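Only the coordinates and a few stated rules stand behind these numbers; no lab work does. Remember, predicted model here, so these are calculated numbers, not experimental data. Reconstructed Cβ throughout: ideal geometry from the backbone, glycine too, with neighbour counts over all protein chains shown.
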Amino acid sequence: TKLHEEFLRGHADEVLANLKSRDAVKGEITLLIGKAETGEAPLSTDTSSARMPIRQRVHQIMAEENLDEKAALKKVAKERGVSKSEAYRELQRSK
């Protein structure tokens, strides 16, 4: 048994709110995520661009917003919550 061991169960937003309300979280955290229950709406209804391969998304933004590759890649990195260099590496791997 761990000194600060506890189990939290609930939807991701509920568990997150619980953890945010604390001054500190002691010890290790293990996160288990299960599938959504039937009829439960996804967190975001627009996941098509997030699932799109990075090269395709960059070219889509270039066409839609008349941006160069560098600017489009910067937008994709921001959308996906990754650094520009990480997005660039992913783009290079997809070539």
Karplus-derived 3J(HN,Hα) from phi for region 83-91 (6.51 cos²θ - 1.76 cosθ + 1.60, θ = phi - 60°), whole Hz, x at Gly and Pro, runs 6, 4, 5, 5, 5, 5, 4, 5, 5
Listed by chain and number, the lysines with an alpha carbon less than 25 angstrom from that of LYS75, same-chain partners under 8 positions apart left out, are LYS84, LYS95
The simple spin-label model distance between GLU69 and LYS35, using points 7 Å out along Cα→Cβ, in nm, is 4.0
For region 11-24, in residue order, the Karplus 3J(HN,Hα) values (coefficients 6.51, -1.76, 1.60; θ = phi - 60°; whole Hz; Gly and Pro = x) are 5, 3, 5, 5, 5, 4, 4, 4, 5, 5, 6, 8, 5, 7
Ranked from fewest to most other Cβ atoms within 10 Å of their own Cβ, ILE54, ILE33 fall in the order ILE33, ILE54
Restricting to lysines and to Cα separations under 22 Å from LYS20, and discarding same-chain partners fewer than 8 apart, the set is LYS2
Label model pair HIS59, VAL25: point-to-point distance (7 angstrom along the Cα→beta-carbon line) in nm is 4.0
Once the dipole of region 48-93 is set up from charges on Cβ (+1 Lys and Arg, -1 Asp and Glu), the residue from the list LEU67, VAL82, MET52 lying farthest towards its positive end is VAL82
Answer in debye to the nearest 20: the dipole magnitude of the chain about its Cα centre, from +1 Lys/Arg and -1 Asp/Glu charges placed on Cβ, is 500
Proxy exposure order for LEU91, LEU32 (fewest C-beta within 10 Å first) is LEU32, LEU91
Computed for region 48-93: size of charge dipole around the Cα centre, +1 on C-beta of each Lys and Arg, -1 on C-beta of each Asp and Glu, debye to nearest 20, value 200
Within the set LYS74, LYS84, LYS35, GNM on the chain using Cα springs under 10 Å gives the largest fluctuation to LYS35
Asserting the computed 222 nm helical MRE of the chain (DSSP H runs at least 4 long, -39500 (n - 2.57) per run, divided by residue count, to nearest 500) equals -14000 deg cm²/dmol
Over its alpha-carbon atoms, the chain yields an Rg and a Dmax in Å of 18.9, 58
